[in-house]
1. Quick check on my filter: what residues within region A:165-204 are more than 19 Å from A:Ala272 (Cα to Cα), free of Cβ contacts under 8 Å to residues at least 60 places away in the same chain and either surrounded by 21 or more Cβ atoms within 10 Å (Cβ to Cβ) or outside the structural domain of A:Cys246 (by TED's automatic domain parsing) (or both)?
2. For region A:106-124, which positions are of a type outside the set (Gly, Ala, Ser) and within 14 Å of DNA strand B (Cβ to nearest atom)?
3. When you scan region A:1-56, how many residues do you find that are among the polar types (S, T, N, Q) and either closer than 17 Å to A:Ala217 by Cβ or touching a Phe, Trp or Tyr at 6+ places or on another chain (Cβ under 6 Å) (or both)?
4. Taking A:Pro39 as meeting all but one of (1) under 24 Å from A:Pro94 (Cβ atoms); (2) in contact with a Leu (Cβ under 7 Å, 6 or more places away or on another chain), write down the number of the exception.
5. I'd like to know if region A:229-249 contains one or more residues that are away from DNA strand C (no atom under 14 Å from the Cβ) and β-branched (Val, Ile, Thr).
6. Look through A:Phe119, A:Phe113 and report the one residue that is within 16 Å of A:Leu67 (Cβ to Cβ) and free of Cβ contacts under 8 Å to residues at least 60 places away in the same chain.
7. Quick one: count up the residues across region A:31-40 that are surrounded by fewer than 16 Cβ atoms within 10 Å (Cβ to Cβ) and either of a type outside the set (Ser, Thr, Tyr) or outside the structural domain of A:Trp123 (by TED's automatic domain parsing) (or both).
8. Considering only region A:47-105, give the strands (runs of 3 or more DSSP E) lying wholly within it that have at least 1 residues that are within 13 Å of DNA strand B (Cβ to nearest atom).
Amino acid sequence: MPELPEVETIARKLREGCGADPSILRREILSVEIRHPKPVAFPAVEVARERMRSLVFEEISRRGKFLVCRLSHGYLLIHLRMSGDLQVLPAGQPPRKHDHVIWHLSGDADLRFHDPRRFGRIWLVESPQDVLGPLGPEPLGPDFTEARLGEMLRARKRLIKPLLLDQTFLAGLGNIYTDEALHRARLHPLRRSDTLHKDEVARLWHGIRTALRVGIAQDGASIDWVYRGGNFQNHFRVYGREGERCKKCGAKIRRIIVGQRSTYFCPRCQRAGRKSKGK
DNA sequence: TAAAATGTTGGGTA
DNA sequence: ATACCCAACATTTT
């Protein structure tokens, strides 16, 4: 479920703790309980379990939609995909349905990977680049400039929405924040990437960064059956609002399918350019 | 009931 | 090589 702001929020909570939930930093992994092998992408399940034992969580960060845990040796990388979640619970609580991996930590705390759809994956690697290498730039990073975005867009001939969802193009946007960013930029989701003018590139750059920043400020979104405290769902301008009024112009929000994904936009604010579909 | 859900990947086509 | 389409993964919810 999570996109960049949700993963950022989870990383911060694991790092700093959250209310009664303690930080997992400096805690030692006493043992790892793998109740379902599916999420363990690398190395083999038993090897991963053995290697994690006695390691310590030294640093928690994020790259795109990946949670990056630097351990006292190597890195634990976690991708939550559609329905994954990470929670810290007091030791000794019985596992719940869909708790697939449980790290038993020093100080009587457990870290749990909970994932009903089981699309999520974890990796234990020496170098994070092995997994994170193909990712595009960080949209909130210092090297992602307006000029860089313009060059990136011009180098491709793709529809803008599927391109923004491509993690090798830009790391961290998902279906929600892409639609929100395009609305902020007043760009139609079917615009072709190499047709954007300079001011449109600037609007897109600001739209992407503002949507993500607001999402992070709201602790991410909590929708469907996963509630983890975020509030961004109450700030959606277009996502999930088919038939409702655009908060900017009052037109009815439309829903179309682009690249097999629901796509919400305002037909008045985000007018399609004449040559937007190419051909 | 059928459809849809914050994601990615692999296979096929042009 | 690039771009695009579809199916698949697995479960829950509306």
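1. Across region A:165-204, the qualifying residue is only A:Leu170.
2. Within region A:106-124, the first condition is being of a type outside the set (Gly, Ala, Ser), and the residues that meet it are A:108, A:110-119, A:121-124.
Residues satisfying the conditions are A:His114, A:Asp115, A:Pro116, A:Arg117, A:Arg118, A:Phe119, A:Arg121, A:Ile122, A:Trp123.
3. We begin by selecting, within region A:1-56, every residue among the polar types (S, T, N, Q); these are A:9, A:23, A:31, A:54.
Still in the list and also either closer than 17 Å to A:Ala217 by Cβ or touching a Phe, Trp or Tyr at 6+ places or on another chain (Cβ under 6 Å) (or both): A:9.
Total meeting the criteria: 1.
4. Failing condition for A:Pro39: (2).
5. Within region A:229-249, one or more residues are away from DNA strand C (no atom under 14 Å from the Cβ) and β-branched (Val, Ile, Thr).
6. Working: A:Phe113 fails: free of Cβ contacts under 8 Å to residues at least 60 places away in the same chain.
It is A:Phe119.
7. Residues in region A:31-40 being surrounded by fewer than 16 Cβ atoms within 10 Å (Cβ to Cβ) and either of a type outside the set (Ser, Thr, Tyr) or outside the structural domain of A:Trp123 (by TED's automatic domain parsing) (or both): 5 in total.
8. Here the list reads A:57-63, A:66-71, A:75-79, A:85-90.
The values are calculated or read from the model by the stated rules, or taken from the named source; none is laboratory data. Source: prediction; values computed, not measured. Glycine also receives a Cβ, built like all others from the backbone with ideal geometry; neighbour counts cover every protein chain displayed.
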